[in-house]
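Student: Please find one structure pasted underneath; my questions will follow.
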Amino acid sequence: MPNYTQKLQQLIETVIAQGASDLHLSVGVQPMIRVSGQLTPLLNETKLTQEDMLGLLTQLLPPERKELFLKTQEADFSFSYGEKVRFRGNAYVERGTVGVALRLIPRDIRTIQELKLPPVLETFAQREQGFFLVVGPVGQGKTTTLAALIEKINMERAEHIITIEDPIEYLFENKKSLIEQREVRVDTADFPVALQSVFRQDVDVLMIGEMRTPETISTAVTAAETGHLVFSTLHTNNAAQTIDRIIDTFPANQQDQIRVQLAVSLAGIFSQRLIPRISGGLIPAYELLLNNNAVSNLIREKRTHEIQTVIETGADEGMIDMNRCLADLVRQGEITPESAYSRSWNPKTLERLL
């Protein structure tokens with residue numbers, strides 16, 4: 001019988017050595033890794049069988065989680081490999097066979113500066129209250145950006161920070177702050193239950209891994225309104241779409257109320273993309289919306305389609321327009337014009353900037 005402990009160790013060591021961000025395991029193909037955005041098969045590995053996948057799953061999941069996965073056919077989990085690295089994992093079934101996707105989470109939490117993100121982001125870690133969102137598609141570094149902000153608070157302020165995640169990704173160590181991390185289905189039943197408890201836990205800063213339901217969004221917005229600093233993520237493309245998505249999550253008779261709450265509590269929305277650099281690796285491109293009086297009024301008055309114009313003309317206040325960011329990266333020789341156009345949601349405007 002194959003040694004699956006050794007097999008998994010070998011695959012993880014390859015991920016680390018190659019500087020990969022992801023490891024994909026599926027029946028009938030060789031293991032694949034993603035390096036600088038490109039998916040590559042490990043040609044020296046044999047194709048995986050269903051027996052291999054179940055053996056590897058036994059290494060990744062405790063027995064009770066594996067049993068639950070075999071019933072539900074879905075599992076989110078985290079996996080630690082010694083002291084070196086952690087992975088966020090998802091196990092699934094496709095065409096009757098098991099598949100696993102593992103995303104590498106470095107042990108070290110990098111700073112805003114090290115991540116090549118704009119210094120203005122650090123101002124959100126200095127706030128006492130408000131609702132700050134990091135948005136973008138899957139795999140664009142949203143969790144890493146939030147971790148950098150939480151760690152900045154941890155280094156500089158004595159706060160009670162609670163994170164609610166599914167699963168826990170970055171592990172924090174208490175410095176000036178007290179940080180408590182709760183994992184859905186392990187430490188709490190679900191996001192809504194954990195969020196209801198937060199108000200009885202004397203929390204100052206709250207980080208919600210992802211907002212998935214109206215109940216979660218409503219509680220997060222209320223927490224921001226009532227004197228807490230709240231960070232979260234959404235799978236949306238830009239600021240205007242994010243605001244619309246939040247409001248559209250609610251039934252029509254509740255939308256006016258959430259619109260008013262959001263207009264008051266929103267601190268900002270940061271949208272980011274990771275783009276292959278000409279010199280290798282990835283570099284972020286981003287957009288930043290700051291909630292000022294103009295933005296607050298547009299949210300209240302159902303004129304979110306005008307928010308993009310506010311961002312484009314708000315550079316003096318610290319706002320950042322995605323197209324300008326992309327154009328700057330092209331001019332600096334960091335990315336190709338083709339990469340910039342493929343990430344722009346308004347290529348015609350980008351063309352005028354290049």
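Student: Exactly one condition in (1) exposed (fewer than 14 other Cβ atoms within 10 Å of the Cβ); (2) in contact (Cβ under 8 Å) with a residue 24 or more places away in the chain; (3) within 26 Å of the chain's Cα centre (by Cα) is not met by ALA315; state its number.
Tutor: (2)
Student: Another question, if that's okay. Scan the range 105-155 for residues that are of a type in the set (A, V, I, L, M, F, W, C), touching a Lys or Arg at 6+ places or on another chain (Cβ under 8 Å) and modelled with pLDDT under 95 and jot them down.
Tutor: Within the range 105-155, just ILE105 meets the criteria.
Student: Consider the range 147-199. How many of its residues are surrounded by fewer than 20 Cβ atoms within 10 Å (Cβ to Cβ), touching a residue at least 40 places away in the same chain (Cβ under 8 Å) and in a helix (DSSP H, G or I)?
Tutor: Residues meeting the conditions: 1.
Student: Still on this model: Checking THR309 against (1) assigned to a helix (DSSP H, G or I); (2) in contact with a Ser or Thr (Cβ under 7 Å, 6 or more places away or on another chain); (3) more than 30 Å from HIS228 (Cβ to Cβ): exactly one of these is not met. Which one?
Tutor: Every listed condition holds for THR309 apart from (2).
Student: What residue, of VAL93, VAL120, VAL138, is outside any helix (DSSP H, G or I), touching a residue at least 24 places away in the same chain (Cβ under 8 Å) and not acidic (Asp, Glu)?
Tutor: Exactly one of VAL93, VAL120, VAL138 is outside any helix (DSSP H, G or I), touching a residue at least 24 places away in the same chain (Cβ under 8 Å) and not acidic (Asp, Glu), namely VAL138.
Student: If you don't mind, another one. Keeping to the range 33-55, report how many residues are surrounded by fewer than 17 Cβ atoms within 10 Å (Cβ to Cβ) and not polar (S, T, N, Q).
Tutor: Residues meeting the conditions: 9.
Student: Check whether at least one residue in the range 225-240 is in a helix (DSSP H, G or I) and without any contact (Cβ under 8 Å) to a residue 40 or more places away in the chain, and report yes or no.
Tutor: Checked against the condition, which is being in a helix (DSSP H, G or I) and without any contact (Cβ under 8 Å) to a residue 40 or more places away in the chain, the range 225-240 yields no hits at all.
Student: Same structure, new question: Has the range 251-272 got at least one residue that is in contact with a Pro (Cβ under 7 Å, 6 or more places away or on another chain), free of Cβ contacts under 8 Å to residues at least 60 places away in the same chain, in a loop (DSSP other than H, G, I, E, B) and closer than 16 Å to ILE217 by Cβ?
Tutor: no
Student: Taking the residues in the range 64-90 that are under 21 Å from the mean Cα position of the chain (by Cα) and without any contact (Cβ under 8 Å) to a residue 24 or more places away in the chain as candidates, determine which candidate is surrounded by the most Cβ atoms within 10 Å (Cβ to Cβ).
Tutor: So, considering only residues that are under 21 Å from the mean Cα position of the chain (by Cα) and without any contact (Cβ under 8 Å) to a residue 24 or more places away in the chain, the one surrounded by the most Cβ atoms within 10 Å (Cβ to Cβ) is ALA75.
The values are calculated or read from the model by the stated rules, or taken from the named source; none is laboratory data. Quick caveat: nothing in here was measured; it's all calculated off a predicted structure. Note that each Cβ is placed from the backbone with ideal geometry, even for glycine, and that neighbours are counted across all protein chains shown.
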